[in-house]
Amino acid sequence: AIPEVQEEENVLILTNDNFDAVVTENQHVLVEFYAPWCGHCKALAPEYAKAATSLKEEGSAVKLAKVDATVQSELGSRFKVQGYPTLKFFKGGKALEYGGGRQAADIVSWLKKKTGPPTVPLTTADEAQKFKDDNEVLVVGFFPDEKSDHMVNYVKVADAIDDVVFGVIHSADRVMEFFGLAESDIPSYRIIKMSENMAKFKPDSPDLTTEAISAFTSKVVDGKVDRHLMSAELPEDWNKNPVTVLVGSNFQDVAYDKKKKVFVEFYAPWCGHCKSLAPIWEKLGEKYTDADDVVVAKMDSTANELSLFEISGFPTLKFFPAVGDDEEQRVIDYDGDRTVD
């Protein structure tokens, strides 16, 4: 039996007497070796406790523990603790280096990565949304064949990189659309940074070896890659109907034409409010068909992205007024009634 173990804010307090029993009888234990006088240890304490509480509330079997190495000096010597705080991760009683961050969310994310499967399966748009909301930087792989070499390579990389979470999708149209991919793109993967307004990063080569996936992921995390902006194909009849069709590649030329007044609806194909607006928008386009200086346009924001501004809800209506050659372009958000008048 494990000798008595005291707890403080869900963190186990370890001593020379109970240490070995705790790290061998629990499969996964993160241990902080600290000194009471150490400033960095004091800064870590609330985050460490928050991580322990979060895991406990989720019903996780992972334990967080701490050792006052100034009192339990034998343990400090045994694990070659040189400075404070030193964190070590014990897996089946074996000590490994901790390689995560010092915030509660980083600690939890690192531990989940180390103790769970290397990749998270995403089968619905709701799961994809939660996966995005829970993680700062994420990689999503799209592999129709679960046993393919590409998938095997992807899992190897996921297993080797601790500070980034890897999701995987085998087939789900809505989930693929959610990340801006079409059937023709797969097998492939995308990296998403939530801190940069869900910026997506597309690999610069179709190579799906472990080396290529690992190198590209590191470049994105280090900020060495420009974000990828989606653009749908421009239809041949894009300007032949009452409502002009905009995509990423022609948006700038049409919306920012200084000689024209351009009114744009940013929509999502699945959005109910957008479907209600569609006939009204069509009528508005018909009303101005003969006006050379007015353009009524629409853009599918699930298939096209802009670096100029973010679209966060649907439908979003923006008006781009005509301006003089030496004037700055302006964008006006429309929030009036959604009627033709």
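For this structure, a couple of remarks:
- Residues satisfying the stated conditions in the range 315-341, i.e. within 16 Å of residue 276 (Cα to Cα) and at pLDDT 90 or above: 315, 316, 317
- Flag if residue 231 is at pLDDT below 95, assigned to a loop (DSSP other than H, G, I, E, B) and under 27 Å from the mean Cα position of the chain (by Cα): yes
- Within the range 153-182, the set of residues being of a type in the set (Ser, Thr, Tyr) and modelled with pLDDT of 85 or more comprises just one member, 154.
- Selection status of residue 260, crowded, with 16+ Cβ neighbours inside 10 Å, in the same structural domain as residue 142 (by the TED database), of a type outside the set (S, T, N, Q) and touching a strand residue (DSSP E or B) at 6+ places or on another chain (Cβ under 9 Å): no
- Some residue of the range 105-125 being more than 25 Å from residue 62 (Cβ to Cβ), under 19 Å from the mean Cα position of the chain (by Cα), among the aromatic types (Phe, Trp, Tyr) and not assigned by the TED database to the domain that holds residue 302: no
- 1 or more residues modelled with pLDDT of 95 or more and of a type in the set (Ser, Thr, Tyr): qualifying strands (runs of 3 or more DSSP E) within the range 37-121: 86-91
- If only residues of the range 19-49 that are within 22 Å of residue 82 (Cα to Cα) and more than 35 Å from the chain's Cα centre (by Cα) are counted, the one that is surrounded by the fewest Cβ atoms within 10 Å (Cβ to Cβ) is 37.
- For the range 8-24, a residue qualifies if it is under 18 Å from residue 52 (Cα atoms) and in a helix (DSSP H, G or I), and the qualifying residues are 19, 22, 23.
The values are calculated or read from the model by the stated rules, or taken from the named source; none is laboratory data. Source: prediction; values computed, not measured. Here the Cβ is made from the backbone with ideal geometry for all residues, glycine too, and neighbour counts use every protein chain on show.
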